[in-house]
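Q: Take this structure, written in structure tokens, and hold onto it; I'll ask about it next.
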């Protein structure tokens with residue numbers, strides 16, 4: 001039985017981790033994702049003590065390999081790679097995985113920031129339009145004529161009612 | 001020479017004829033009950049502007065018909081406002097003044113200097129009991145519009161905007177002019 005080498009990696013986002021695994025050749029068809037952790041298996045089909053949420057089964061890793069897993073913890077996914085598989089999926093591979101993860105993580109943060117900026121801008125535009133419409137509606141209801149002009153980005157609404 | 005101001009508005013069409021640069025001075029000794037701008041009563045320092053700098057800003061603002069002095073009480077800073085009005089008038093702009101005093105009360109040399117540069121003065125205390133919605137540029141029926149030059153006449157009083165809203169990019173509304181309480185309440189409540 002090979003001892004597992006356990007590495008802690010600061011990978012917290014499941015989608016980014018799956019994308020990173022796909023980049024390294026372990027696409028969705030080769031990876032199991034579980035809501036609750038499952039036991040890993042050794043090369044002989046034996047149940048190992050380690051459990052993981054994300055599992056690459058041994059036959060997808062290599063001949064005589066053990067399962068590779070990623071266990072979700074409070075500090076991120078913990079990689080579980082056996083000593084036997086270390087030459088192939090050891091620290092070098094984990095470093096590559098981490099680089100890919102970081103790239104996906106950064107892209108996701110930029111995407112979310114852009115979405116948030118877009119959402120805030122839409123909300124601002126909605127508020128300005130609602131205020132503008134409210135002035136129009138209420139002024140007209142009270143018998144005012146509304147003249148609208150723009151001063152830079154400020155909307156100016158002039159209310160004219162009576163003729164003297 | 002310095003002016004103590006409450007605020008300015010670079011362009012308004014509801015504070016006199018045409019597009020006007022509006023100057024709200026800080027400080028008023030009259031404190032009329034029901035005044036719309038009680039924050040401008042105190043004589044403490046608020047925004048100090050040099051007359052020269054403010055004149056340059058006004059003259060650099062395109063498309064203006066003139067300036068309007070209000071407040072606060074403009075004649076409490078008559079000397080500095082006269083110094084501001086002089087280059088403004090020389091540049092072809094008109095001068096419009098709202099004051100809580102009657103013209104007969106404005107007898108000091110500084111008062112006369114500002115009056116000589118004014119095209120229109122709306123004069124008189126604001127009297128809450130005589131609040132009116134029917135007279136242009138006036139809040140109460142006792143106030144009088146005095147045309148002191150040939151530039152404007154009573155015909156200019158017709159069809160002018162009474163209320164002006166400035167809607168900023170963040171959705172906030174600023175209001176100026178002579179809104180009815182109902183319009184103000186209903187509009188800003190929404």
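Q: Could you say which residue among A:31, A:61, A:68 is modelled with pLDDT under 95, under 20 Å from residue A:93 (Cα atoms) and in contact with a strand residue (DSSP E or B) (Cβ under 9 Å, 6 or more places away or on another chain)?
A: So the residue among A:31, A:61, A:68 that is modelled with pLDDT under 95, under 20 Å from residue A:93 (Cα atoms) and in contact with a strand residue (DSSP E or B) (Cβ under 9 Å, 6 or more places away or on another chain) is A:61.
Q: Filter the stretch B:161-177 down to the residues that are within 17 Å of the chain's Cα centre (by Cα) and closer than 17 Å to residue A:142 by Cβ, then identify the one that is farthest from the other protein chains (Cβ to nearest Cβ).
A: Ranking the candidates gives B:175 first.
Q: If I filter the stretch A:1-28 down to residues being at pLDDT below 95 and over 16 Å from residue A:74 (Cα atoms), which single residue comes out as farthest from the chain's Cα centre (by Cα)?
A: The qualifying residue farthest from the chain's Cα centre (by Cα) is A:1.
Q: Also: Quick one: which residue in A:115, A:121 is surrounded by fewer than 13 Cβ atoms within 10 Å (Cβ to Cβ) and within 14 Å of chain B (Cβ to nearest Cβ)?
A: A:121
Q: Would you tally the residues in the stretch B:71-97 being part of a strand (DSSP E or B) and touching a residue at least 60 places away in the same chain (Cβ under 8 Å)?
A: 2
Q: So, in the stretch B:19-50, exactly how many residues are part of a loop (DSSP other than H, G, I, E, B), without any contact (Cβ under 8 Å) to a residue 60 or more places away in the chain and closer than 27 Å to residue A:149 by Cα?
A: Looking only at that region, the number is 2.
Q: Touching a helix residue (DSSP H, G or I) at 6+ places or on another chain (Cβ under 9 Å), outside the structural domain of residue A:50 (by TED's automatic domain parsing) and surrounded by 13 or more Cβ atoms within 10 Å (Cβ to Cβ) - does that describe any residue in the stretch A:82-91?
A: no
Q: Suppose we filter the stretch B:107-137 for residues that are farther than 19 Å from residue B:95 by Cβ and within 14 Å of chain A (Cβ to nearest Cβ); how many remain?
A: Number of matching residues: 4.
Q: OK, next. Restricting attention to the stretch A:67-104, which residues are farther than 21 Å from residue A:35 by Cβ and not in a helix (DSSP H, G or I)?
A: A:81, A:82, A:83, A:84, A:85, A:90 - these are the residues of the stretch A:67-104 that are farther than 21 Å from residue A:35 by Cβ and not in a helix (DSSP H, G or I).
Q: Does any residue in the stretch A:88-101 that is in contact (Cβ under 8 Å) with a residue 24 or more places away in the chain come within less than 6 Å, Cβ to Cβ, of a residue that is part of a helix (DSSP H, G or I) six or more places away or on a different chain, and which pairs are these?
A: Going by the 6 Å Cβ cut-off, the qualifying pairs are A:97/A:20; A:100/A:20; A:100/A:23; A:101/A:16; A:101/A:17; A:101/A:20.
Q: Could you tell me which residue of the stretch A:126-162 is surrounded by the fewest Cβ atoms within 10 Å (Cβ to Cβ), considering only residues that are out of contact with any strand residue (DSSP E or B) (no Cβ under 8 Å at 6 or more places or on another chain), facing chain B (nearest Cβ under 7 Å) and part of a helix (DSSP H, G or I)?
A: So, considering only residues that are out of contact with any strand residue (DSSP E or B) (no Cβ under 8 Å at 6 or more places or on another chain), facing chain B (nearest Cβ under 7 Å) and part of a helix (DSSP H, G or I), the one surrounded by the fewest Cβ atoms within 10 Å (Cβ to Cβ) is A:127.
Q: Could you tell me whether residue B:154 is over 28 Å from residue A:138 (Cα atoms) and at the interface with another protein chain (Cβ under 10 Å from one of its Cβ atoms)?
A: Judged against the criteria, residue B:154 is a match.
Q: Let me ask you something else. Do we find a residue being surrounded by fewer than 21 Cβ atoms within 10 Å (Cβ to Cβ) and touching a residue at least 60 places away in the same chain (Cβ under 8 Å) anywhere in the stretch B:52-63?
A: no
The values are calculated or read from the model by the stated rules, or taken from the named source; none is laboratory data. On a predicted model such as this, the values are computed, not experimentally measured, just so you know. Every residue, glycine as well, gets a Cβ built from its backbone with ideal geometry; the counts of neighbours run over all protein chains shown.
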